[in-house]
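First comes the structure, then the notes that go with it.
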Amino acid sequence: MIARDDGRIVFVSGAIPGERVRARVERTAKQLRWAATVEVLEASPDRRDVPFEPACGGSTFAHIQYDRQRELKQQIIVDAFRRIARMTIDPAPVVAASPEHAYRVRARLHAAEGRLGFFLEGTHAICDAAPTAQLLPAATDAAAAVFAALGPRAADCEAIVISENIAATERVLHLEPRDRARLDDVAAAIAGVAGQPDLGVTGVTTIVRGKLLEVIGTSTVTDISETLFGGASPVAPAASWTRRAPSFFQGNRFLVGALVRRVLDVAQGDRVVDLYAGVGLFAVALAARGAQVVAVEGDAFSADDLIANAQPWSSRLQVMRATVEDAVRRPPVPGPACVVLDPPRTGVSPEALSALASWRVPTLVYVSCDPPTLARDAANLATSGYTLASLDAFDFFPNTPHVESVAVFTRA
């Protein structure tokens, strides 16, 4: 939250707009200060008690009532466009709500000094992930049990990645070894623990020399269209999404279907290019609806999973294993009616955005997890003749400042 003191902007953690608090300044740089709340003098009616350390796992909005969190995220989006893109968003997008607990289907738990958990915000200190309730209790219990079962070999473990399907009927734990260490020989140590029915572990994997290996069980989890969309599917029922733990997949089990529905609603046309395609979340859905799709992915693991997921739709879903920068150098012929982009938090590189703008595609559908980089790229697209046509938001990470957006840009 923002305060001002002697002409300086002060970013205050643990506060709510409108409150009076006593805060301790922890860092200073030029005209900026960073401070932490140590005492609340006049509390907001939106303040609530937090049964865990809010800095654990980035839960820095946890002290705020949930509906107010969504209002603040709405303001974050509007403010980013006003400051960075010089655009007025009116009306502001309603942020679609998510249950606050057990929403994550994927998380990375760090290991250090014999402990496993999230990092405390801004540090490398380990905190217990279970009280934050971001994951299902069985997921954190499973990771903790496998980590404990490693015994002395836990020192070789950098992190454990939890990957589940939406229904939580499949759960893979991925062991990330430290530099020059290996964890492909721990099957005997963890088999008894990982096999406990209440933990729901369907596989344990690790990496050796860049190759993913199955330690026990299977390496993948799968969602089918009916589960993804929570009932009636807007695409062919044969659509499915299989992925391994290192591959990227949207993290909120309650909202991922709504996100894909929105992209399907706005990504119209018979020909679509999907950039930063991951394992094919949007590309498979678009192909299953009947579009001709070119999907571009540069990450090795995600690209392998994308190729496998594209197989049932091979007649209309083409996969390019390439960076987006390389893929956009030459526009496809015939040109697409729409391009879908789901870049990382850093947004689209200037090189890729400039090349993409030269395609003169009628519609761009930009899925973003970071309002400032979305606003930056929106400003650049505006100079190339694009207009922001719509903006939707989804609360993929409750109790954190993060918010997912879908922006639609059109060109006359």
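Tally up the residues in region 213-239 that are crowded, with 18+ Cβ neighbours inside 10 Å, at negative phi and not acidic (Asp, Glu), please. Give the steps one after another, and end with the answer.
Within region 213-239, the first condition is being crowded, with 18+ Cβ neighbours inside 10 Å, and the residues that meet it are 215-217, 219-221, 223, 225, 227-229, 233, 235, 239.
Checking which are at negative phi leaves us with 215-216, 219-221, 223, 225, 227-229, 233, 235, 239.
Next cut, not acidic (Asp, Glu) only: 215-216, 219-221, 225, 227-229, 233, 235, 239.
Total satisfying the criteria: 12.
Looking at Ala96, Ala85 in this structure, which one is crowded, with 18+ Cβ neighbours inside 10 Å and under 23 Å from Thr132 (Cα atoms)?
Numbers: Ala85 fails: under 23 Å from Thr132 (Cα atoms).
One residue alone meets the criteria, Ala96.
Can you pull out every residue in region 36-71 that is crowded, with 20+ Cβ neighbours inside 10 Å and either hydrophobic (A, V, I, L, M, F, W, C) or in the same structural domain as Ala133 (by TED's automatic domain parsing) (or both)? Within region 36-71, Ala55, Cys56, Phe61, Ala62, Ile64 qualify.
Here is the figure for region 294-321: residues that are outside any helix (DSSP H, G or I), buried (at least 22 other Cβ atoms within 10 Å of the Cβ) and either touching an Asp or Glu at 6+ places or on another chain (Cβ under 6 Å) or acidic (Asp, Glu) (or both) total 2.
Restricting attention to region 187-208, the residues being out of contact with any helix residue (DSSP H, G or I) (no Cβ under 7 Å at 6 or more places or on another chain) and closer than 25 Å to Asn309 by Cβ number 6.
Among the listed residues Gly58, Gly122, which satisfies the condition of being at pLDDT below 95, out of contact with any Phe, Trp or Tyr (no Cβ under 6 Å at 6 or more places or on another chain) and either under 24 Å from Val256 (Cα atoms) or part of a helix (DSSP H, G or I) (or both)?
Details: Gly122 fails: either under 24 Å from Val256 (Cα atoms) or part of a helix (DSSP H, G or I) (or both).
Answer to the check: Gly58.
Taking the criterion of being hydrophobic (A, V, I, L, M, F, W, C), over 18 Å from Ala389 (Cα atoms) and within 20 Å of the chain's Cα centre (by Cα), the only residue of region 351-379 that qualifies is Cys369. One residue is enough: does region 250-264 have a residue meeting the conditions in contact with a Lys or Arg (Cβ under 9 Å, 6 or more places away or on another chain), closer than 26 Å to Leu391 by Cβ and surrounded by fewer than 17 Cβ atoms within 10 Å (Cβ to Cβ)? Within region 250-264, not a single residue is in contact with a Lys or Arg (Cβ under 9 Å, 6 or more places away or on another chain), closer than 26 Å to Leu391 by Cβ and surrounded by fewer than 17 Cβ atoms within 10 Å (Cβ to Cβ).
The values are calculated or read from the model by the stated rules, or taken from the named source; none is laboratory data. Please read all numbers here as calculations on a predicted model, not as lab measurements. All Cβ positions, glycine included, derive from the backbone under ideal geometry; neighbour counts span all protein chains shown.
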